[in-house]
Amino acid sequence: MVDRSAPRYRTFGLALLVLTLVLDRITKEWLVGLLDGQDPITVTGFFNLVMVWNRGVSFGLFQQGDDAGRYLLTGFAVIVGLVLIVWMLRSSTRLGVAGLALVAAGALGNAYDRVVFGAVADFLDFHFAGYHFWAFNVADSAITIGVGFLLLDAIRAPAESAGR
């Protein structure tokens, strides 16, 4: 049996990937210009806009101070993003396609920052009772949500295949 929904999911995945990349770029361009060199902007009692330049990977781990590390992280992110796009184009579930599109877009969005700025622009700062979560951006959010979708898709897969 031919799965005729796959092309529709591919189009959905590509549209979600592009939309996420555009949203990431718009927010970064706007907020880097607004926040760079400025004090944090208090938005609510638990949320600030800040400007943090992340030269490492997720949550600031493995900070890279030299160009070799920067290009290594950028190259790795681009390769991962491209592999995820190929996987997305072959995926047969809407949730899997969405997850792969979001993770790929996040990886490519942050790779773009490394090429253009030399570091990833992070600006969303949530806090509670004096404790601050790591600053992050739209690309980081897309990666996190995308991984959640992929985990949910993997959990649902055995149940769906058992029903066939």
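What is the gain in length, in nm to one decimal, between ASP39 and VAL22 on full extension, counting 0.36 nm per residue of separation less the C-alpha to C-alpha distance?
Taking ASP39 through VAL22 to full extension adds about 3.5 nm, to one decimal.
From the mean inverse distance of alpha carbon pairs (Kirkwood) and the Cα radius of gyration, derive Rg over Rh for the range 6-162.
On the way: Rg = 16.8 Å, Rh = 16.5 Å.
Reported Rg/Rh, Kirkwood definition of Rh: 1.02.
Each reported figure results from applying straightforward, stated rules to the coordinates on display, with no laboratory input. Since this is a predicted model, take the numbers as computed values, not measurements.
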